[in-house]
1. Let me know the shape class of the chain, please: from the alpha-carbon gyration tensor, a ≥ b ≥ c as square roots of the eigenvalues, rounded when a/c is under 1.5, otherwise prolate if a/b is greater than b/c, or oblate.
2. What does the charge add up to near GLY106, with Lys and Arg as +1, Asp and Glu as -1, over the other residues with Cβ less than 14 Å from its Cβ?
3. Starting from the Cα gyration tensor of the stretch 63-154, take the square roots of the eigenvalues, sort them a ≥ b ≥ c, and report rounded, prolate or oblate (rounded when a/c is under 1.5, otherwise prolate if a/b is larger than b/c, else oblate).
4. If you place +1 on the Cβ of every Lys and Arg and -1 on the Cβ of every Asp and Glu, how big does the dipole about the Cα centre of the chain come out, in debye to the nearest 20?
5. What does the charge dipole of the stretch 39-88 about its Cα centre add up to, to the nearest 20 debye, if the Cβ of each Lys and Arg holds +1 and the Cβ of each Asp and Glu holds -1?
Amino acid sequence: MIAAVLRCFETALIESRTKGKVEAAVFEPFLEFFLDYADSQHYEKEEACLFACMHRCGIHDADEGIARLIEEHKMARQRVHLMVSYLDEAVAGLDFAVEKFHESAGKFRDLIMGHIPLENGNVFRVGDEQIPDSELPALQAAYDARDAKPENAEVRERCLRVGRELVERWTPKADEARIPLVRT
Ligand SMILES: [Fe+2]
C-alpha cells in the first residue's frame, strides 16, 4: 500500500511543481496517510516486531541494513513533519513555503524510494531465510497484538481507506504519465 501511495504522491508532486502551487485538498490526504499509517503501521511494526524478532533469534546478517532502515524511519518522519509545517503557507501561495514544501516532498519521496528496495532485497530477505519456523507464530502474534490495539485498529482502517481513495484518484494519472510523449 505504501509503494502504491508513494507512486501517486510522485504524480501529485510533479503536477504541483508544474502548476507552481500547493493545494490542501491534494496533499492533506497524503500527509494523513504518511503520518498515521507509515508511523503506526509500518515503522513501529517493523521496529518493535520484525527487527526485535531477528535480534532475539541472533540474526546479524542484516544488522547494517536494519540500522539504516531505523535511521531512515526517523528521517522520513522529519520530512513529513517539515511538509506539514510548510503546508498552510504553501497553500496560501508564499513562494518560499511552496519551494520548501516541494523540496521536503522530493526528499521524502527519494528517501522512501530507496527504503523499499533495502527492505525487500536485504532485511526482509534475510528475515525470510533465517527466522526459524518455530519463531513465526510469535512474530505473527506480535503483529496481531499491535493491530488489535483499539487506537491502531482505528488508524489502520482510516488510513487504508485514505490510501485506497488516493490510489483510485491518482493511479490513472500516474499511468498516463508513463506513456512516452514521443514514440519511436
Ligand atoms: Fe521501513
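1. Numbers: a/c = 2.03, a/b = 1.78, b/c = 1.14.
Prolate, since a/c reaches 1.5 and a/b exceeds b/c.
2. Numbers: positive: ARG17, ARG79, LYS100, LYS107, ARG109; negative: GLU10, GLU15, GLU99, GLU103, ASP110.
With Lys, Arg at +1 and Asp, Glu at -1, the neighbours total 0.
3. oblate
4. Numbers: 24 positive and 35 negative charges, 121 e Å.
Value, rounded to 20: 580 debye.
5. Details: 6 positive and 10 negative charges, 16 e Å.
Roughly 80 debye, rounded to the nearest 20.
Each value in this text was obtained by applying a stated rule to the coordinates, not by laboratory testing. Being a predicted model, the structure only gives us computed values, none of them experimental. Cβ coordinates were reconstructed from backbone atoms using ideal geometry, including for glycine residues, and neighbour counts include every protein chain displayed.
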